[in-house]
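Shown next, in structure tokens, is the structure this report addresses.
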């Protein structure tokens, strides 16, 4: 194999590796965003469930002087 062909093959492999890393980074960013969304949704659902089980909680405030 000559040097020119080897250079072309190595550059082609390097481009493929860079492309796959870019796609992986993009996928990781999407996963992180989805994880944040799921966490916030779980927090909201917990608050909703707590208020539905005890709707009277926090409705009255008794102050004694």
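Read-outs: derived from the displayed coordinates by stated rules, not from any lab. Just so it is clear, the structure is predicted and the values come from calculations on it, not from any experiment. When we count neighbours, we look across all protein chains shown, and the Cβ atoms used for this are built from the backbone with ideal geometry, even at glycine.
Per residue of the chain, what 222 nm ellipticity follows from adding -39500 (n - 2.57) for every DSSP H run with n ≥ 4, rounded to the nearest 500? Numbers along the way, then the final one.
Values: 1 runs with 51 residues, N = 65.
Helix contribution divided over all residues of the chain: -29500 deg cm²/dmol.
Would you mind giving the average projected area, over all directions, of the Cα convex hull of the chain in nm² with one decimal? Mind showing how you got there, number by number?
Values: hull surface 33.0 nm².
Averaged projected hull area, Cα only: 8.2 nm².
Just to confirm the number: angle between the C-alpha axis of helix 3-53 and the first principal axis of the chain, 0 to 90 degrees, nearest 10?
10
FRET efficiency for residue 35 and residue 14, Cβ-Cβ distance as r, R0 = 35 Å, nearest 0.05? The partial results should precede the final answer.
Numbers: r = 31 Å, r/R0 = 0.90.
Efficiency computed from Cβ-Cβ geometry: 0.65.
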